[in-house]
Amino acid sequence: MGAEPGGNTRLRAARQALGLRSQHQLAEAVTRSAAQIGLRISITERTVRRWESENPPWPNPDHQSALEHLFGRTVAELGFTPPWASDETEFPRTGKRQESSAVASSGPLGIFPRLAVSDPLPSSIATDYIAITSAYRHMYWTVPPVQLHDAVAGHVKLGIILAASIPEAARRSLADAIAESSLLVGRIEFFDMQDPARAQQSLVTALQAAQDAHDSLIGSAVLAHMAFIPTFSGDLKRADEARDKIRAARTFARRASAPPEMLAWLDAVEAETETRFGDTRKALQLINHAEGIFASETPRPSPAWLDWFSPIRLAGFKGNTLLMDHQPGPAKVTLQAVLERLPENSAKQRSVILGDLAAVAVSENSPEEACRLAGMALDQLARTWYATGMARVRSVRESLTQWETLPCVHKLDERLYDWNTTISALTS
């Protein structure tokens, strides 16, 4: 099927220049191009039709790489508009507008549109931006995520625009901070708001910023977070997708000579993936390997943004995997130890651990204890909302159906479906 009149004329012209007369031929060519650079993707004619439409979607990273390898030019030059750029961008000092799709740059921040907001700004702007990024990183653990989300997302957009107006020497550090901020947005969207589609877009932006910063370490972190999306989907057909992202994350980590803590976290991410796709034996082997890293490797400083992982958090992964492996006794011992050692500012993680302990109680046929622990998890969620923690509580409630008539289950339902909890769950 050929392209419709109008639409993405840049891509269509580039296709025709290569002698590809149809969208089907382009789909096959991009698939071959991907294979040449080691990517396992299969492009369909429907995807190409969307790319050549009036408002083509921003291609995902693998598709971008294959397109750019095939045509020898950036996707922006092929008529795609980045998701962080609006259709029109206003310049405060001049009042003029410029089409965002026409402002791709080939400089150090080549993926970002060059949208100068003023005359050149001082390098100190990057320092100020990094300081705000650090503040948002700390706020994540206590500020309600819905309130924090828009602020951090706006911070990302501001950073992208500022990048064109600061001296070249400061842009790399600014790109690093943009990558961290967009990663935080993706974490909020995935773990706190349970919106994987939006999280994927934010993580793509983070990965592109990491590329412009030449920072393979944060690139590794972003790729590992991308693995969570298929991992938590519940779709067994997406197992290879998750594992591919983990392999990519490990490759980036090796490229960056990652510190031991980062390597242990990648083991934990892979363990989570294998647990959810049913291979708990492999998951426990990965967790044991991560424990060995903490026990034997010489400590090296980790980046400040790696504040979501520690030996205690690794033990939390282990407790959940033991639970899924039908080892309630060891799971209970492990999870109780984690609960006792969690820092004060770990309300989100505490709700998850309490939920897992409640699941252990269900497996031990102790509905009263399960309800007590689930209620404690709800206490944590009332103070600091966390969609992932609520998912644990809901899973426990679903497993209590055989005890529906017990007063403790009725009491749990009163808590689970009160006004505040119900609205928080629907608006997160």
Among residues belonging to the range 13-44 that are surrounded by 15 or more Cβ atoms within 10 Å (Cβ to Cβ) and touching a residue at least 40 places away in the same chain (Cβ under 8 Å), point out the one that is farthest from Ala197 (Cα to Cα).
Ala14
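Yes/no per residue for (1) farther than 20 Å from Ser310 by Cα; (2) in contact with a helix residue (DSSP H, G or I) (Cβ under 6 Å, 6 or more places away or on another chain); (3) modelled with pLDDT of 95 or more:
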{"residue": "Glu261", "(1), (2), (3)": "no, no, yes"}
{"residue": "Ala268", "(1), (2), (3)": "no, yes, yes"}
{"residue": "Phe277", "(1), (2), (3)": "yes, yes, yes"}
{"residue": "Thr280", "(1), (2), (3)": "yes, yes, yes"}
{"residue": "Leu286", "(1), (2), (3)": "no, yes, yes"}
{"residue": "His289", "(1), (2), (3)": "no, yes, yes"}
I need the full set of residues from the range 57-75 which are surrounded by 16 or more Cβ atoms within 10 Å (Cβ to Cβ) and either among the small types (Gly, Ala, Ser) or more than 23 Å from the chain's Cα centre (by Cα) (or both), in order please.
Ser65, Ala66, Leu67, Glu68, Leu70, Phe71, Thr74
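Restricting attention to helices (runs of 4 or more DSSP H) lying wholly within the range 341-428, give those where 3 or more residues are buried (at least 23 other Cβ atoms within 10 Å of the Cβ) and small (Gly, Ala, Ser). Before you say what the answer is, go through the steps one by one.
Working: elements: 347-363, 367-383, 387-398, 407-416, 419-427.
Passing ranges, in order: 347-363, 367-383.
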Take the conditions in contact with a Pro (Cβ under 6 Å, 6 or more places away or on another chain) and farther than 23 Å from Ala199 by Cα and apply them to Val360. Does it pass?
yes
Note on Ser302: of the conditions (1) in contact with a Pro (Cβ under 9 Å, 6 or more places away or on another chain); (2) part of a helix (DSSP H, G or I), unmet is (2)
What about Ala258, is it more than 29 Å from Ser42 (Cβ to Cβ) and either within 14 Å of the chain's Cα centre (by Cα) or crowded, with 24+ Cβ neighbours inside 10 Å (or both)?
yes
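For the range 86-102, does any single residue satisfy the condition of being aliphatic (A, V, I, L, M), modelled with pLDDT under 80 and closer than 21 Å to Ala13 by Cβ?
Yes, because at least one residue in the range 86-102 is aliphatic (A, V, I, L, M), modelled with pLDDT under 80 and closer than 21 Å to Ala13 by Cβ.
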Given the criteria closer than 24 Å to Arg392 by Cβ and assigned to a helix (DSSP H, G or I), does Arg137 qualify?
no
Only listed residue being part of a loop (DSSP other than H, G, I, E, B), acidic (Asp, Glu), modelled with pLDDT under 80 and surrounded by fewer than 18 Cβ atoms within 10 Å (Cβ to Cβ), chosen from Glu54, Glu4:
Glu4
Please enumerate the residues belonging to the range 133-192 that are of a type in the set (S, T, N, Q) and without any contact (Cβ under 8 Å) to a residue 12 or more places away in the chain.
Gln147
Residues in the range 309-331 that are over 12 Å from Ala264 (Cα atoms) and part of a loop (DSSP other than H, G, I, E, B) total 3
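The values are calculated or read from the model by the stated rules, or taken from the named source; none is laboratory data. Note that this is a predicted model, so its numbers are computed, not measured. Every residue, glycine as well, gets a Cβ built from its backbone with ideal geometry; the counts of neighbours run over all protein chains shown.
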